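Only one structure is covered here, and it is reproduced in the block below.
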Amino acid sequence: LSLQNYTIKTVFFPNFDKISNPDVRLKDLEKIKLEDLINRKIQINTSIIEPKIINKSIVVTGAGGSIGSELVKQILDMKPKCLILIDHNEYNLYTISKFVENNLNIYFQKTYTYLTSVTNYNKIKKIFEQHKPDLVYHAAAYKHVPLAEKNINEYFNNNVIGTINLVNLSLDYNVKNFTFISTDKAVRPTNIMGATKRFAEIYIQSISEFYKT
């Protein structure tokens with residue numbers, strides 16, 4: 001039974017000390033948010049990550065998306081030399097670029113924004129040629145399962161070909177570290193979206209193994 005079908009407000013039940021306070025009214029009680037129901041209190045060990053990011057040029061693809069934007073915010077606190085933000089969604093790219101602009105610190109030198117798709121090989125190549133990035137965080141992907149079933153070509157092109165473009169260009173321009181953001185649906189893919197992400201994982205793993213030998 002979903003309470004969404006009814007005009008019922010859901011709030012946290014306060015502890016006894018709070019509820020016994022005569023000054024506390026019902027409208028003062030905190031509403032429940034989705035984040036409150038998910039245990040995501042993750043401690044990030046920045047002492048390991050920060051030395052790899054400080055004073056480095058970093059590409060983030062899908063920079064305006066839910067995962068990409070969070071990556072940008074975390075990276076920004078670790079004193080990069082510059083951030084190269086790539087996204088094909090105008091509004092998302094504008095939003096994250098304004099966040100970066102409003103949260104600059106004394107160590108941060110420059111941010112670059114590119115409104116383009118990872119499938120645009122020539123454009124991505126020009127970006128890599130200009131900035132010679134040290135690290136790449138690849139979060140750009142189509143991720144909605146039902147849409148993928150109806151738009152197979154587009155999902156394959158974006159999630160697979162786009163990833164291949166970035167991996168190959170990272171090799172060409174001597175990127176020191178490439179981080180691919182995948183999904184749990186790629187573990188045993190039963191849908192198109194998961195299959196495209198698994199395909200991309202296999203490609204990256206094969207390239208990694210090849211360059212180890």
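When you look at K185, is it in contact with a Pro (Cβ under 8 Å, 6 or more places away or on another chain), under 22 Å from E70 (Cβ atoms) and not polar (S, T, N, Q), yes or no? So K185 fails the test. If you check L115, L93 for being buried (at least 20 other Cβ atoms within 10 Å of the Cβ), of a type outside the set (G, A, S) and touching a residue at least 24 places away in the same chain (Cβ under 8 Å), only one passes: L93.
You will find that of I161, I152, the residue that is touching a helix residue (DSSP H, G or I) at 6+ places or on another chain (Cβ under 8 Å) and either open to solvent by 40 Å² or more (accessible area, probe 1.4 Å) or polar (S, T, N, Q) (or both) is I152 and no other. I'd like to check something: does the stretch 75-85 contain any residue that is under 13 Å from the mean Cα position of the chain (by Cα) and of a type in the set (D, E)? No, every residue in the stretch 75-85 fails to be under 13 Å from the mean Cα position of the chain (by Cα) and of a type in the set (D, E).
Quick one: which residue in Y137, Y112, Y142, Y155 is in a strand (DSSP E or B) and under 28 Å from F199 (Cβ atoms)?
Values: Y112 fails: under 28 Å from F199 (Cβ atoms); Y142 fails: in a strand (DSSP E or B); Y155 fails: in a strand (DSSP E or B).
Being in a strand (DSSP E or B) and under 28 Å from F199 (Cβ atoms) holds for just one of Y137, Y112, Y142, Y155, which is Y137.
For the stretch 55-90, the set of residues classified as open to solvent by 20 Å² or more (accessible area, probe 1.4 Å), polar (S, T, N, Q) and not in a helix (DSSP H, G or I) consists of N55, N89, listed by residue number.
When F99, F128, F108 are checked against the criterion of being open to solvent by less than 100 Å² (accessible area, probe 1.4 Å), farther than 28 Å from D184 by Cβ and at pLDDT below 95, a single residue qualifies: F108. Among the residues here, K123 qualifies as open to solvent by less than 80 Å² (accessible area, probe 1.4 Å), without any contact (Cβ under 8 Å) to a residue 12 or more places away in the chain and of a type in the set (K, R). Is the stretch 181-199 home to any residue that is outside any helix (DSSP H, G or I), surrounded by fewer than 20 Cβ atoms within 10 Å (Cβ to Cβ), in contact with a strand residue (DSSP E or B) (Cβ under 9 Å, 6 or more places away or on another chain) and not polar (S, T, N, Q)? Yes, the stretch 181-199 contains a residue that is outside any helix (DSSP H, G or I), surrounded by fewer than 20 Cβ atoms within 10 Å (Cβ to Cβ), in contact with a strand residue (DSSP E or B) (Cβ under 9 Å, 6 or more places away or on another chain) and not polar (S, T, N, Q).
Checked against the criteria, L166 counts as touching a residue at least 60 places away in the same chain (Cβ under 8 Å) and within 20 Å of N92 (Cβ to Cβ).
The values are calculated or read from the model by the stated rules, or taken from the named source; none is laboratory data. Every value quoted in this text rests on a predicted model; they were computed, and no experiment measured them. So basically every Cβ, Gly included, is an ideal-geometry build from the backbone, and we count neighbours across all protein chains shown. Please note that ligands, DNA and RNA were not included when accessible areas were found on the heavy atoms of the full protein model with its side chains. Shrake-Rupley method; radii C 1.70, N 1.55, O 1.52, S 1.80 Å.
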